[in-house]
Structure formats: C-alpha cells, structure tokens
There are 2 protein chains.
Amino acid sequence: MFSAADTAFMAQAIRQAELGRYTTSPNPNVGAVLVKDGAVIGCGYHKQAGGPHAEVFALREAGTAAKGATCYVTLEPCSHFGRTPPCAEALIAAGVARVVVAMQDPNPQVAGRGVAMLRAAGITVEIGLLETQARAVNPGFLSRMERQRPYVQLKLAASLDGRTALANGDSKWLTGDAARADVQHYRAQSCAVLSTATTVMADNARLNLRAEQLLRNVTTLENGVLRQPKRVILDRNGTLDGKMAIFDDGGEVLLCVSKLENSRQLPNIARQIHCPLDNNAQFDLPVLLEHLAVRENINTLWVEAGATLAGTLLQLQLVDELIVYIAPKLLGNTAQPLAVLPQFSALAAVPQLSWTDVRMVGQDLRLTALLT
Amino acid sequence: MFSAADTAFMAQAIRQAELGRYTTSPNPNVGAVLVKDGAVIGCGYHKQAGGPHAEVFALREAGTAAKGATCYVTLEPCSHFGRTPPCAEALIAAGVARVVVAMQDPNPQVAGRGVAMLRAAGITVEIGLLETQARAVNPGFLSRMERQRPYVQLKLAASLDGRTALANGDSKWLTGDAARADVQHYRAQSCAVLSTATTVMADNARLNLRAEQLLRNVTTLENGVLRQPKRVILDRNGTLDGKMAIFDDGGEVLLCVSKLENSRQLPNIARQIHCPLDNNAQFDLPVLLEHLAVRENINTLWVEAGATLAGTLLQLQLVDELIVYIAPKLLGNTAQPLAVLPQFSALAAVPQLSWTDVRMVGQDLRLTALLT
C-alpha cells in the first residue's frame, strides 16, 4: 500500500515535526510535506499554539502547485475551528489529491473527523505509515490525550554506587558541567518541572531554563524568547518562602498545596493549585498528575527531586522514563540513597527497567531507561 | 624513524600477541612478525610458558628467507636461557637484519640485554613503536614486574541504585545469563580469582571457568584443556569447609590464612598460604598482593567478593579497574550496598574513576572504569 517513496516523504514530515519540540506545547508536534511528481513542493511544521498548523505552512510554500499533490502529514489534519481554521478544509480547498497520515489524532475534537472530511471531499486518505515513529514525536501530547496524565521523566544523578550525596549532604558537584547543561535541554523540551519545597529551599533552586547554559540550539517562541517550563512545587503546608530565587524569573510557579490559602501573599509569577492528600497523608500524586494534564495542559513533566518523591513516583508506577547521570565516583554505604522504596522481599517485586540509551556526557555517563 | 608500514606490521604483531591472552601466564603475551621486501614471511605468538616464544614461531615459518628480514616484536627478545633458549640468539643465527621492538622487557633478567645482544651482532634495533598499545596487551605481567603486585580487576554487579541484594539477601538473579557468561570470559583471562570464605560458603561458589557457559572462543592450553584460574580465598580462621564445591574441580585453591595449620586436612586441590594481619586485625592486603605476584606469579587478579572486601581494596587503592554490571532494576534504600567505605566528609575525598567502556550485555549494562 505504501511505496518506499511514501516512507521517505513521511520520514521527512516526522523530521519537520521534531523541529517544534521546544515550542508547540500544549499542542502536538506535527510536520507536513507536499509532494508532486516525486518532488517536494512544500513543507512545514507546527511551531506554536495559536500559530498556523504544519499543513498550512506546506500549502503556502506550494501555492497553486498543491492542486493534485500528495500531502504527507504526521498527525490527522484537524477538522475543527480552534485558534485556526480546520486544516482538512485548507487541503480540500487547495485541491490536494491524496493525503497520507501517520496516525489518527487522539484528541476527541478530531479523532477521525478530519479523515472523514477529506474522504467526503473525494480525497484519497491512507493512514498508519510510520505510526510508531510518529507517536514517538509526541509522548507527552499522547499521554495527556490517552491517559489524562503527563509523560513523566524522572531525572536522577548518582555515583556508581547509587548515592546522591554524602552523609553530611555534600553533593556539589557530583556530576560535571556537561551533565548539568544536558539537564537544561531536557527542561527546554518539558512543559513543566516537578519538585518539592524542600528541594527548592535546600538549594535555592530556580529550576528554570538558562539560555547561557544551553550547548545546542534551542528554538525560541515567535516572540524570540525561550519557552520556560512551568515549575510545579509540592508545598504541602504552603510555607515556601516568597523570597526564594524560583520566584525571580522563569515560567509560572504552581504551588501545589493541600489547602488553598486565599490570604497568602504570593509573587505574581506564582499560583496555588489544590491537591488532596491520600490515605498516608501524602499528596495524592495520581490525582495531581491528572490535574496537571487535564486542567493545566501539561504534556511532559520533568521531575527533579529527592529520593523520597522519586521513590514514591516509582512505587506508584507514575514514571515513564528515567534519565540518570552516573558520576565516576564511589560514595560508599553511608552516603544518601537514590530512591526511597519499600523493603522488598523478592527481586521479582522491584521496579524493572529496560535500557534505551547510554552515552558519555562530559565526564559522566547518561543512562536512559523505560519503566517496564 | 618509523614508517607507516612499520606501524602496520607492529600492529599485526600486537594482534598476534593478543591471541595468547587465555594461555600465556605467567609469561607475557608477545607477538612477532617477520617481513622481507614488504611481505610478511612469518608470524607467531607466545602461547604457553615452556613453549616456544613468538620469534621462534615466526622464524620457523620464514625458514631461510629470514636472512636479511625485519622482525617486528611486541616485547624485547629474551637474552637468557629460561625454559627455552634466548630468542636474541635465534634472531642472530637466522641472519635477521633489523629488529623493531615495541617495548623493552621490564623483567630484570632481560631489561635491555636482549637489545644489547642483537646490536652487538650488528643488527639494527629500534625501540618504542606502538609502545602504549603493546603495554596494553600485558597489564598483568607489567604490573607484576614493575609494581610487584597483580593487575587487579574488581567485578561488581548492582541495580541502577547501586544495590547488590535485597535486605533479606535475595540476589538471584540480579543480572542476567549474558552478564554471568561475560564474567566467565574475564575469569578465562585471569591468573587467579580472589574471594572470601564467606562468599564461597554463602553461594557454594566454585569461581571456576565453565566451558559450557563461554559464549566466545577461548583458546585452550597445548594439552587441549582450558587454563583454570587459581582461586585465592581469604579464610582467616581456616574454617572453610572442605566439602564445598570449590574443591571439586577448577584451578588450585589458595587458602589465605593468618596462621598456617599444618595439621589441617585439605583436599589435594588446596594449599594454605600465610598472610599477616594489619593493625585492624584484617589481612594485610598489600602484603598479600605482593605475595601473589612475587611468590605465586599471579599477573592478573579478578576479584569477586562482597561489599566489605570490595570497599577495603578500593580504599587501599589496590584496584586498577572496575567491571560493573548494572541490572535494569531499582532495589531501594533498604537493600544492600555496593561498597563499604569510610564516611567521607567531602566529595573530593571519595574514590574517583574514569569510564573506559560501556555496553549492553544482554539485558544489563556493563560499565568499565579505571581508578584515577
């Protein structure tokens, strides 16, 4: 059904989609390529919510040549008026003859209606080319749409023997400059960073994106500035000091509290969100993650926290991916642990991973793994 | 001084030397290539102590063509009668015109005398081509000769959070079949395995080489059998049960005791060696390692032990290389540590490593590092 040329053009559309990784949230990353007589006549990607969709950029580039062309698009064209008119209509209006779609849009506002609209207009529509690869471009958007929670990446940093700090708390600097810069790139791709008031207070951490630390090119928003991740801070008792550096700059700070305090004086950058407690008098993290996805449109959540929150998220199976920097050091058995977990009685019961990548980042190793 | 052709022929000699890695101990790995008019006319490597040296194999292959040839050899030709006549004499007798040597022999019985003998016979001798690479073939022999202790490789296996077993001791199987087979290949290259009576008793461990578990080709001794590493077992109180499986087969078992018990009944495969205690009433490990090198001709020592011995060796800076298998699991903060070390007060004081290799071994990762 699909030719080798079809596959190559869809791969090109996927590479287009990836260009939006630093800017499109909460929208999905989408790329489109218009082809006529075997030649690309237009391409584009969705850069920012509110701006044109990928198909529109491709159609603009192609102009009248779009008539009779094939459009390769990584996600089903939209059928509804959102902040922009429906792309399906634009493709019909341009006289496109065939549309190849990598995957149907899981957004309930689309979910097959875009394809139906195209077919009703007599356009040949084929679905499913490089679907796995197309899904991989949007782990966060798909997680929010399909699971009503963000795609959760847990960042850890430890010595070879799995220790994050000495007994006295010394951890500066366990990992090197390159690893810390690498973290900036993950923050740049994330909708929000999750941490705790304890961590913020201990290090006076900003958890923002710092342009001067970025080692590779990160695309900016249309207004020329970097998209800053929101900071979601677990602040159960509402005691985070308003003078901390986290309130100075960066994305919005969402203070997750167990009880909203309307009288609390907060910096303009901050806002309280309410999260119920669970039976252990801890934040009900599944409820929080659902809230972040459904109410706050958070696709991807990047967790930088201590061993307690890390362990709780792991134990609740709320982590999708681990990113672990291993410093070339041994801290010994008295140093602090990587993750606080229950005492297991059998190896079969422990959290299981599968490695997905390993590479040197400066003097350190970076391991990535999926939870299985 | 050296041409590109010289370098290529020496590289070939080094590859020859590596062929002996499973059999030559306690002798060094040596390779030789004889070249005349730009063509290789003979090559060989030293396979086993007592057998012919590399140069002899190369000369045999070349026959009378050796007259006027150049010999590339990874280690200075020997000048003394050991179990075989001196190679320097054989090269002279064959009429070789030029000898290129990667490195001088640190063995005090040679140490320049081989080169001097060749030069006295009118042969052109050049030294130092690919010396670093040639040294890398013989870390154990060079350590024994230059430092009077074996090259020590410490094997560890842990979860991502640096834990070797659950609190209840369960560690079967933390790592997978492939990692355990990989360990067999390290044992195959080692003169001896170091462990403790505690470890042997806990697992009824044999610590031998098991042909059926080898995944890659391992060369055998001239008599067709695999060289088995000796097992050096710390058995301070001389209480290791003579019925344990370690005494059933494999290489010799050296029971390291603090007091020789002449009346002790031991299996034929076993022998006691005495090691003094240090000020902490623990084995004086530097003394033991010197003994193993100088008295037992152990070039390479492969350590498979628990967190206590591992930590002590690390703390005493007696480890040259770490080989660590990381299982894709998290065991949590109550599980058992990788290395027992003192409580450090600053990160600058902890053991520092530099990564040398990382790869997948089945489901696990294998990291290797040098102590720095």
Residue ID - surrounded by the most Cβ atoms within 10 Å (Cβ to Cβ), chosen from residues in segment B:86-119 that are touching an Asp or Glu at 6+ places or on another chain (Cβ under 7 Å) and outside any loop (DSSP other than H, G, I, E, B):
B:Cys87
Every listed condition ((1) in contact (Cβ under 8 Å) with a residue 12 or more places away in the chain; (2) in contact with a Leu (Cβ under 6 Å, 6 or more places away or on another chain); (3) farther than 27 Å from B:Asn29 by Cβ) holds for B:Asp170 save (1)
So which strands (runs of 3 or more DSSP E) are wholly in segment B:120-178 and hold at least 1 residues that are within 11 Å of another protein chain (Cβ to nearest Cβ)?
B:151-159, B:163-165
Boolean, B:Arg206 is closer than 25 Å to B:Asp241 by Cβ, touching a Gly at 6+ places or on another chain (Cβ under 7 Å) and modelled with pLDDT of 95 or more
yes
Restricting to segment A:220-259, name every residue that is under 22 Å from A:Pro150 (Cβ atoms) and touching a Gly at 6+ places or on another chain (Cβ under 9 Å).
A:Arg227, A:Gln228, A:Pro229, A:Lys230, A:Arg231, A:Leu255, A:Val257, A:Ser258
Filter segment B:28-85 down to residues that are in a strand (DSSP E or B) and without any contact (Cβ under 8 Å) to a residue 24 or more places away in the chain, then give me how many there are.
1
Scope segment A:246-273; condition touching a Cys at 6+ places or on another chain (Cβ under 8 Å) and either surrounded by fewer than 12 Cβ atoms within 10 Å (Cβ to Cβ) or in a loop (DSSP other than H, G, I, E, B) (or both); matching residues
A:Ser258
With the first residue restricted to segment A:265-293 and required to be touching a residue at least 60 places away in the same chain (Cβ under 8 Å), and the second required to be in a loop (DSSP other than H, G, I, E, B) and of a type in the set (A, V, I, L, M), Cβ contacts under 6 Å at 6 or more apart or on different chains are A:Leu292/A:Ile298
Go through segment A:292-323 and give me each residue that's under 13 Å from the mean Cα position of the chain (by Cα) and on the phi > 0 side of the Ramachandran plot.
A:Asn297
Here the qualifying pairs (Cβ atoms under 9 Å; residues six or more apart or on different chains; first in segment B:218-231 and modelled with pLDDT of 90 or more; second acidic (Asp, Glu)) come out as B:Gln228/B:Asp249; B:Gln228/B:Glu252; B:Lys230/B:Glu252; B:Lys230/B:Glu296; B:Arg231/B:Glu252
Return yes or no: is B:Glu296 assigned by the TED database to the domain that holds B:Arg180, closer than 19 Å to B:His185 by Cβ and surrounded by fewer than 23 Cβ atoms within 10 Å (Cβ to Cβ)?
no
Enumerate the pairs (first residue in segment B:2-13 and within 14 Å of B:Ile127 (Cβ to Cβ); second residue anywhere and charged (D, E, K, R) and surrounded by 12 or more Cβ atoms within 10 Å (Cβ to Cβ)) with beta-carbon separation below 8 Å, excluding pairs fewer than 6 apart on the same chain, so at least 6 apart or on different chains.
B:Phe2/B:Glu126
Might you let me know whether segment B:302-311 holds any residue that is surrounded by 21 or more Cβ atoms within 10 Å (Cβ to Cβ), over 26 Å from A:Trp355 (Cα atoms) and of a type in the set (Ser, Thr, Tyr)?
no
Consider segment A:142-154. How many of its residues are over 28 Å from A:Ala339 (Cβ atoms) and surrounded by 20 or more Cβ atoms within 10 Å (Cβ to Cβ)?
0
Given the criterion surrounded by 22 or more Cβ atoms within 10 Å (Cβ to Cβ) and not assigned by the TED database to the domain that holds A:Asn29, identify the matching residue among A:Ala157, A:Ala165, A:Ala178.
A:Ala157
When segment A:322-363 is examined, which residues are found to be more than 8 Å from every other protein chain (Cβ to nearest Cβ), touching a helix residue (DSSP H, G or I) at 6+ places or on another chain (Cβ under 6 Å) and buried (at least 20 other Cβ atoms within 10 Å of the Cβ)?
A:Tyr325
Just checking, does segment B:283-306 include any residue being within 30 Å of A:Gln315 (Cα to Cα) and either more than 10 Å from chain A (Cβ to nearest Cβ) or modelled with pLDDT under 95 (or both)?
yes
Scanning segment A:19-39 for residues that are more than 27 Å from the chain's Cα centre (by Cα) and crowded, with 17+ Cβ neighbours inside 10 Å, which turns out nearest to A:Leu221 (Cα to Cα)?
A:Leu34
Residue check, B:Gly44 against (1) modelled with pLDDT of 95 or more; (2) closer than 21 Å to B:Met117 by Cα; (3) surrounded by 24 or more Cβ atoms within 10 Å (Cβ to Cβ); (4) of a type outside the set (S, T, N, Q), all met but one. Which one?
(2)
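The values are calculated or read from the model by the stated rules, or taken from the named source; none is laboratory data. From a predicted model like this one, the values you see are computed outputs, not experimental measurements. Heads up, the Cβs are rebuilt from the backbone with ideal geometry, glycines too, and the neighbour counts pull from every protein chain shown.
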